[in-house]
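These notes concern the structure reproduced below.
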Amino acid sequence: MENLIALLIAAPLLGAAVLLTGGRRLDAVGHWIGTLLAGASFVFGAILFADLLGKDAEHRTLTQHLWSWIPVEGFQADVTFRLDQLSMTFVLLITGVGSLIHLYSIGYMEHDERRRRFFGYLNLFLAAMLLLVLADNYLLLYVGWEGVGLASYLLIGFWQHKPSAATAAKKAFLVNRVGDMGLSIAIMLMFTTFGTFAFGPVLGSHEKPGLVTGASEATLTGIALMLLLAACGKSAQVPLQSWLGDAMEGPTPVSALIHAATMVTAGVYLIVRSANIFNLAPDAQLVVTVVGAVTLLFGAIVGCAKDDIKKALAGSTMSQIGYMVLAAGLGPIGYVFAIMHLVTHGFFKAGLFLGAGSVMHGMNDEVDMRKYGGLRKYMPVTFVTFGLGYLAIIGFPGLSGFFSKDKIIEAAFAKGGTEGWILGACALLGAAITAFYMTRVMLMTFFGEERWRRSETPSPAEPSVEPAAETHGEHAEPHPHESPRSMTIPMIVLAFGSVFAGGFFSIGDRFLHWLEPVTGHSHGDAPISAATVTAATVTVMVVGVTIAWLQYGRRPVPVVAPRGSLLTRAARRDLLQDDFNHVVLVRGGEHLTRSLVYVDHTLVDGVVNGTAASVGGLSGRMRKLQNGFARSYAVSMFGGAAILVAATLLMRAV
Amino acid sequence: MSFPLLTATAVLPAVGAIATAAVPAARRTAAKWLALLVSLATLALAITVLVRFDPDGARYQLTESHAWIADFGVRYELGVDGIGVALLALTALLIPFIILAGWHDADPLETGSRRWRPTQGFFALILAVEAMVIISFEATDVFLFYIFFEAMLIPMYFLIGGFGDRAHAGSDENAAAQRSYAAVKFLLYNLVGGLIMLAAVIGLYVVAGNFSLQEIAEARANGTLDMATNTERWLFLGFFFAFAVKAPLWPLHTWLPNAMGEATAPVAVLITAVVDKVGTFAMLRFCLQLFPEASKWATPAILVLALISIVYGALLAVGQRDIKRLVAYASISHFGFIIMGIFAMTSQGQSGATLYMVNHGISTAALMLVAGFLISRRGSRLIADYGGVQKVAPVLAGTFLIGGLATLSLPGLAPFVSEFLVLVGTFARYPVIGIIATFGIVLAALYTLVLYQRTMTGPVKPEVSAMPDLRMRELVVVAPLVVLLIFLGVYPKPVTDIVNPAVKSTMSDVHKKDPKPEVEAAK
């Protein structure tokens, strides 16, 4: 059975190879090849899942050793896969949502002449992401880690002719590389500390930890913080969050799959996978919770101010992953819930993005929500599925997000002490803001006036709209319509997940029992009862929705964004993080490299040349002799050899 | 007496060079084919060496030894260890690609120009360089090594000075002047290095009484040959200086961007992927074996210089406007990694460094040759003259990207394996230096992706809108390199198996043991 594991990865990898090297011949069928191979991978995953379910909880780990990858004296890295409950969960999420999004992309990318290549990249992503979660050591994980980064780079920049897309792709890769430094250093530290970086020996199991127990807390804290740095890059957590908003330049299915449901959650996987390291490094855990709490608020605030529907959702993704990171930082109290929220979020956020894509598809690729409005009549399926995703994410009682987010908020309080109160309060506040910004998105898109009509008949009372109307006059006026079946089916399936997954997981603590053998679990020490937390969560959610309704539901939404408060303006600019990066890193870097080029040309070159000035002068004279360098060089060689002979003779004589 | 296989690997291209040069001027194409066939035959011989080499056998294999200048103890001694065999194979592998990529680089210029290009000479010189580089990897006699280490400068000088890149911003005279400057600079830097080495070679003879690497190294190891501490250090510095110029190590690097910028792309590959490797190879073979104590004494300083090379080279690459100079500075950064790995004095560092030499050869060849194809289409080396190429020439852009990703050491491609080994090997002994060096991976991503973004993406510039995609000859050059980059990234074991025993011997030469893992050490 374990031999199937490699096939999970091989299927999409084959697809990528065939589609990217196959040439134009495959243009007509490429998307089907890609989708079928993604589906095949899902089927393999389902078979393996059934197999795992048939075993008892303690024996649900399969490993498959393929070959010795880097064998060097004292250093051993293998291509070995490990499938346990944690990786199985990811495999199903990745291949399941992945297959749906492949299907969706058939329709979404129908008119793109490079559709075959798009599916090649999507398949490449699946293969890399599966490698990431199936690797049995950190170095192999690194390959998947960068592989998804590469796929993300290629897909964000898929419309390369747009300079903004190319820039966003580069930015994503670069910011992730900073995180990769962390992963590199963490692996190097593991190697010097344990002599290995394979999961088995280093981590052990949660009942019987491996070599980690022999290391000092300082070392483990170092490793954990470096892993956290890596996680921050991949999962867009503060301070490496700046790339995710720009990543929305990619086609919307990419945003749904990579930048919402799967890749960006890899950081959470890394932390939960490394639980035994973090468990022994409480200081690092504290930092993890702080990063999570800060990001969940940061992302939520940014989400409130964006008029671009995808960027609003991107802020939301950042914020939701902040919840997961927060939970992962809580240790055994939170690991299971981090992953549970990760899965439910995978459903509803992918669904929301696909819904947004469907809206854009019907609206001439318009992304500005201020130019939407009243679309529920024209896109009923999109409206309902998006609406269910919306109810899930804000934590409407009974839907997926309610169960998973509520658990995280409970766990945050259960951390105990002042920390617990602060973290719990942040999580609650985040829930209120989530309800606010998601209601805003919902209202601006599907309710209210049909603001997209205004561009056709600009009222004379609002001359400021006219220029916008003119620029849009070149495009065909939007005729909102429902998307084709290949797009709506994935949306419907994901909507089912958004509604029922949370409840299914929570009844009888199914998810907890499934994952506990890998991650361990403890209840913590809750200062307030679960019922109180749930009541509070629902209350703040209602408050958030109400405020949003007062602002965007009761009053008409202006087509041109008002100036807004200082905070709003800062939030629109991603809380000025990009401005900071630009001034400090980009400008500073440009000055640095420019001056170094000058220094290299004048100083370094000059000094070295100056030292050899006499030889240089000699060369000038030689050139005048016009006898070419070969001859003069031959002379000097000969002279050198002569000196050598003379010297040896002399030494002999002595 | 058995067939002198190692001699044959060097003699074949040497004879091929003479034969190519002798082809009548009118039969230009025949000369090209002859050169290509000779290089392929040399590759076949190199593969034979590779097959015959037993990684677990004696340290030096396929040895040949003949008296040469008996009075001065100079012998014609050849032999390869795992490191030599890997680099021999790399050299023999790259030359056919270099020849094929440079197929039209030495064609006569268009009418109207009075400059004449001796096509035969171009290919003959490449083969001559190959012969000399190969013998440098095989020589186990210090004097024999020195002769060819120096002699290869002559054909290189003519390749740089005589066959410049046609894509030049300035006028013909201006281009000729810059080319001549680059060639002279190349020659002078290396000449000075060589002369200093010559003094050290003489000094070594004075102390040891012969030139045999094996004899001296053995005598050094078992204590029968004592060197005064200062003598050893001076001799070490003499050797190291020459190798550091060739490698090149900061601050002796400034000849490389000039040479690589002015030479044609295939010759630039010859410089950085083949000739420069002799420098780093020689550090590993001669510096560490002959002067183990001095090597350890100099380690901190060398590591700092290597670290500066890594960061400085990468930063300079970011600031370049010329595609080829950018690749040159990237190479300087990579040579920093190689030298750092050698002097980290750990098994991982040295195996990584050797692997790095091989992988850097392949990845730079891929990137630089595609860059050359690009430049020949547009007639400009300036990054700013390009834009949107991927739209019109997607295969060219794709292979360029893969070359770039290899240069930034993307996991899954060959250079990642070697770079990580170097980093981990350095980190094990010098954590701070290891950590600073990891900044190199961020900077590498920066210069590579900026280069790709500016040339390949964005709106199509009118000047590139009619650019043809890769032709069959060009694909034949690039595709095998790409396959190798992927293969050696996924399965580097064939190379590490050959290299590991040689590294083990070197480690024992310098009396160094790998640091033990903290957890194990605590027990």
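Going by the alpha-carbon gyration tensor, a ≥ b ≥ c the square roots of its eigenvalues, is region A:301-349 rounded (a/c under 1.5) or, if a/c is not under 1.5, prolate (a/b greater than b/c) versus oblate? Oblate is the answer for region A:301-349, as a/c is 1.5 or above yet b/c matches or exceeds a/b.
Of the trypsin sites (Lys or Arg not before Pro) in region B:412-487, the ones in a loop by DSSP (not H, G, I, E or B) with at most 12 other beta carbons within 10 Å are B:Arg471. In region A:195-242, Cα pairs under 8 Å separated by at least six residues give a relative contact order of 16 percent.
The lysine pair tally for region B:307-514, using Cα distances under 26 Å and a gap of 8 or more places or different chains, is 8. Toward the positive end of the charge dipole of region B:307-514, with +1 on the Cβ of Lys and Arg and -1 on the Cβ of Asp and Glu, the farthest Cα among B:Val422, B:Leu484, B:Val432 is that of B:Leu484. In a simple Cβ point-charge model (Lys, Arg +1; Asp, Glu -1; nothing else charged), region B:307-514 has a dipole of about 280 debye relative to its Cα centre.
Computed from backbone phi with θ = phi - 60° and the Karplus coefficients 6.51, -1.76 and 1.60, the 3J(HN,Hα) list for region B:441-448 is 6, 6, 5, 4, 4, 5, 5, 5 Hz; x is used for glycine and proline.
Taking the longest Cα principal axis of chain A as reference, the axis of helix A:217-234 is set at about 70 degrees. With the charge dipole of region B:307-514 set up from +1 on Lys and Arg Cβ and -1 on Asp and Glu Cβ about the Cα centre, the Cα lying farthest toward the positive end among the listed residues B:Gly387, B:Ala314, B:Ile339 is that of B:Gly387. When B:Trp103, A:Trp452, B:Trp68 are arranged by Cβ crowding within 10 Å, least crowded first, meaning fewest neighbours, the order is B:Trp68, B:Trp103, A:Trp452. Seen against the Cα atoms of chain A and their longest principal axis, helix A:588-599 is set at about 10 degrees. The phi torsions of region B:335-350, fed into the Karplus equation with coefficients 6.51, -1.76 and 1.60 and a -60° offset, translate into couplings of 5, x, 4, 4, 5, 4, x, 5, 8, 5, 6, 10, 4, 5, x, 6 Hz, rounded to whole numbers, with Gly and Pro shown as x.
The relative contact order of chain A, computed from alpha carbon pairs under 8 Å that lie at least 6 residues apart in sequence, is 12 percent.
Annotation for region A:525-579: trypsin sites (Lys or Arg not before Pro) lying in DSSP loop with at most 15 further Cβ atoms inside 10 Å of their Cβ are A:Arg554, A:Arg563, A:Arg573. Going by alpha carbons, how many degrees (0 to 90, nearest 10) lie between the helix axis of A:510-519 and the longest principal axis of chain A? Compared with the principal axis, the helix lies near 20 degrees. Kindly identify region B:307-514 as rounded, prolate or oblate by the Cα gyration tensor criterion: order the square roots of the eigenvalues as a ≥ b ≥ c, call it rounded if a/c is under 1.5, otherwise compare a/b with b/c, prolate if a/b is larger, else oblate. In terms of gyration-tensor shape, prolate.
Among all stretches of chain A without exposed GluC sites (Glu not before Pro) (DSSP loop, at most 15 other Cβ atoms within 10 Å), which one is longest?
The longest such stretch corresponds to A:208-448.
Relative contact order of chain B: 15 percent, from C-alpha pairs under 8 Å at least 6 residues apart in sequence. By the count of other C-beta atoms within 10 Å, a proxy for reagent exposure, A:Leu93, B:Leu270, B:Leu40, B:Leu100 are ordered fewest to most as B:Leu40, B:Leu100, A:Leu93, B:Leu270. In terms of other Cβ atoms within 10 Å, A:His513, B:His253 run from fewest to most in the order A:His513, B:His253. Considering only B:Met368, A:Ala531, B:Ser212, and ranking their Cα positions along the charge dipole of the protein assembly as shown that arises from unit charges at the beta-carbon of Lys, Arg, Asp and Glu, the one farthest toward the positive end is B:Met368.
Placing unit charges on the Cβ atoms only, positive for Lys and Arg and negative for Asp and Glu, gives chain A a dipole magnitude near 1320 debye about its Cα centre. Placing unit charges on the Cβ atoms only, positive for Lys and Arg and negative for Asp and Glu, gives the protein assembly as shown a dipole magnitude near 1960 debye about its Cα centre.
Coupling constants for region A:166-181 follow from the phi torsions by the Karplus curve (6.51 cos²θ - 1.76 cosθ + 1.60, θ = phi - 60°), and in residue order they are 4, 5, 4, 4, 4, 4, 4, 5, 5, 4, 5, 5, 4, x, 4, 3 Hz; glycine and proline get x.
No lab work stands behind these numbers, since they all come straight from the coordinates. Keep in mind the model is a prediction, meaning the values are calculated, not measured. Neighbour counts are summed over all protein chains in view; Cβ atoms, including those assigned to glycine, are modelled from backbone coordinates with ideal geometry.
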